[in-house]
Amino acid sequence: MLPTDFALQVRGVTKSFGANTVLRGIDLDVPRGKVVALIGPSGSGKTTMLRSLNGLEMPDAGKVTVGASITTGRPALSVDFGDAAPSQKSRSQQLSQLRDRSAMVFQQYNLFPHMTVLQNVIEGPVQVQKRPREEVIAEAEALLARVGLADKRDSYPFELSGGQQQRVGIVRALALKPQLLLFDEPTSSLDPELVDDVLAVIKELAEEGWTMVIVTHELAFARQMADEVVFMDGGVVVERGPASQVLRKPQEERTQAFVRRLLHEL
Ligand code: ADP
Ligand code: MG
């Protein structure tokens, strides 16, 4: 049984693309309402890990458990990718069950270019979750206002700055009312002057008690925000611990080298 205060537990997740083994047995624990920052060099499997949590990627083995939801009363969900050869159908059911628990904010925003801001935000709740359209629109408008984008409701993504598009990306994730928010380098495509607005929104969400996993290269931000930092390299978790420890006094040589390199780039 999963302790009730856990939002997410990952055990032994592995994933290969052909001969390239990308995840080599990842364990991850995220307590309810906490922020975990996932850091690591390019190619270390961070995006693949997040996509596996969001049901966008099918792990080869391992188990992902999302804790029960206090707000919706939904029971815990456990997906075991190590199950002996289940049918294609039950596999895709497993993925959509997982996808239903979390929402992802992508590095490249991934907004639908032919849809307005509002249409982007309500698409998932209305089409996938089958929630009442009027109610979803009202919630979407409130969320847009919250991130300072009320007046962009009917704009198209190409009419927005990167920072505005990413704030729409965050609103789109929130509109799904997920149990977990997953961020994949949410500011790495942004011009430097647009980064702070997006980080401020994420920080507010953390203070509100959202459970979040954030892949980021913003070490200062991670140090400020994250309850725990997990350093991945070569498809394994090399080191994990409180942000103050992993970022300031890393124990492992690989973590030391990575942190030193990032700090020098700043
Ligand atoms: P990171 O986000 O840490 O940079 P990724 O998870 O994106 O790492 O990628 C890890 C490795 O997996 C890379 O070698 C990448 O080329 C490979 N990879 C990721 N997605 C795919 C895919 N869909 N098909 C084949 N290889 C992939
Ligand atoms: Mg990545």
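Between 242, 192, 125, the Gaussian network model of the chain with springs among Cα atoms under 10 angstrom shows the greatest mean-square fluctuation at 192. Once the Cβ-Cβ distance of residue 80 and residue 110 is raised to the sixth power relative to R0 = 30 Å, the FRET efficiency obtained is 0.55. Residue 194 contributes about 40 Å² of solvent-accessible surface, heavy atoms of the protein only, 1.4 Å probe.
With 0.36 nm allotted per residue and the present C-alpha distance subtracted, the residue 196-residue 142 stretch has 17.3 nm of extension available.
Using a Förster radius of 41 Å, what is the FRET efficiency between residue 90 and residue 261 based on their Cβ-Cβ separation? Nearest 0.05, please.
Working: r = 43 Å, r/R0 = 1.06.
Here the calculated transfer efficiency is 0.40.
For residue 82, the residues whose amide H sits under 5 Å from its own are 62, ignoring neighbours fewer than 5 places away on the same chain, with H placed 1.01 Å from N. Which of the lysines could be linked to residue 177 by a straight reach, that is with a Cα gap under 20 Å, when you skip same-chain ones fewer than 8 residues away? Partners found: 34, 130, 203. Positive-end ranking of 122, 106, 36 along the dipole of the range 27-136, with charges on Cβ about the Cα centre, is headed by 122. Binning all Cα-Cα separations of the chain at 5 Å, short to long from zero, yields these whole-percent fractions: 1, 6, 13, 17, 19, 17, 14, 9, 4, 1, 0.
For the chain, give the percent of accessible area contributed by carbon and sulfur heavy atoms, probe 1.4 Å, rounded to a whole number.
Numbers: 6200 of 12470 Å².
Accessible surface attributable to carbon and sulfur in the chain totals 50 percent.
Around the Cα centre of the range 9-73, unit charges on the Cβ atoms of Lys, Arg, Asp and Glu (plus for the first two, minus for the last two) sum to a dipole of about 80 debye.
How fast does the range 11-56 diffuse by Stokes-Einstein, in µm²/s, taking the Kirkwood radius from C-alpha pairs at 20 °C and 1.002 mPa s?
On the way: Rh = 11.6 Å.
Taking Rh from Cα pairs, D becomes 184 µm²/s.
Of all lysines in the structure, those lying under 19 Å Cα to Cα from residue 63, and not within fewer than 8 positions of it along the same chain, are 15, 46, 89. The aspartates and glutamates whose alpha-carbon is closer than 17 Å to the alpha-carbon of residue 152, local same-chain residues fewer than 8 away aside, are 123, 139, 141, 197.
Compute the semi-axes of the equivalent ellipsoid of the range 22-94, taking the square root of 5 times each eigenvalue of the Cα gyration tensor, and list them largest first in whole Å.
Details: eigenvalues 87, 81, 19 Å².
Values for the range 22-94, descending: 21, 20, 10 Å.
The separation of the range 203-266 from the range 59-81, counted between C-alpha centres, amounts to 25 Å. Over the chain, DSSP H runs of length four or greater, each weighted -39,500 (n - 2.57), average out per residue to a 222 nm ellipticity of -11000 deg cm²/dmol.
The charge dipole of the chain, taken about the Cα centre with unit charges on the Cβ atoms of Lys, Arg (+1) and Asp, Glu (-1), comes to about 700 debye, rounded to the nearest 20.
The values are calculated or read from the model by the stated rules, or taken from the named source; none is laboratory data. What you see is a predicted model, and the numbers here were worked out from it, not measured in a lab. Glycine gets a Cβ as well: all are built from the backbone with ideal geometry, and neighbour counts include every protein chain shown. Please note that ligands, DNA and RNA were not included when accessible areas were found on the heavy atoms of the full protein model with its side chains. Shrake-Rupley method; radii C 1.70, N 1.55, O 1.52, S 1.80 Å.
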